[in-house]
Amino acid sequence: WVVAGGGLFIGSLGTGQWQQRFGLVRSPEDAPDETGQTDDTAETEEPLERLTAVARDPTSAAAYLATSRGVYRSLDQGQAWQRLPQSGLLSTSVSRLLLAASSPTVLYAGTARGLARYDAAGQQWQTMTEGLAASRVNDVAATATALWVATDEGLYRADLNQSPAVTAEPAPTASANILAHFSQEPTI
């Protein structure tokens, strides 16, 4: 599964064949003319929507697609897509997706203004900004016990064994670990 060139493509390692499963509709101005060229004289603008990330649920046929205008979900290996509700998202510009193994699987979305967790039962997003600087999320990763969020303001860690509204704390740096050994010393 690859997001590239305004589309989502699914490939087979066995056959080497690719199929487009999701594509963005381009405006007529973006379409190539009879010579195969696009109109480069037109003023270039930000595309209406762009694809940014894809995440698949290994336990089911579900897949999620992040765009600059929200998140789509497919329950049938990418054959049909529907947009998830945007209620609760501070920003619809989603840059990263993460499916964390849990019971049930949890979907996290990194946005231009922080991290959100999708509540499938309530059909809404829960913003997770407590203790986390509300800045652009560059990446999200998880282990069995922790969620890691890389933002413009630094790296944050949240304990996944706590309640769903986790409080993120900045990850200690090497210098912070060293200085902790001198906390009882007098200042200079």
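On full extension of the chain, what length is gained from LEU48 through ASN161, given 0.36 nm per residue of separation minus the C-alpha to C-alpha distance? Could you put the intermediate results ahead of the total?
Details: separation 113, 0.36 × 113 = 40.68 nm, distance 3.87 nm.
Net length gain for the segment: 36.8 nm.
Given H placed on each backbone N at 1.01 Å, which residues far from LEU97 in sequence or on other chains put an amide H within less than 5 Å of it?
The list, which skips near neighbours in sequence, is GLY110.
For ARG21, what residues show an amide H to amide H distance below 5 Å, using hydrogens built from the backbone and excluding near sequence neighbours?
Close amide H contacts, sequence-distant or interchain: LEU8, PHE9, ILE10.
For a quick check: with amide H placed at 1.01 Å from N, whose amide H comes under 5 Å from LEU115's, ignoring anything fewer than 5 positions away on the same chain?
Distant-sequence amide H within range of LEU115: MET128.
Working out 0.36 nm times the residue gap between ALA120 and GLN77, then minus their Cα-Cα distance, what length gain in nm do you get to one decimal?
Working: separation 43, 0.36 × 43 = 15.48 nm, distance 1.85 nm.
Taking 0.36 nm per residue and subtracting the Cα distance, the gain is 13.6 nm.
Bear in mind that the values in this text are calculations on the coordinates, not laboratory data. Everything numeric here is computed off the predicted structure, so don't read it as measured data.
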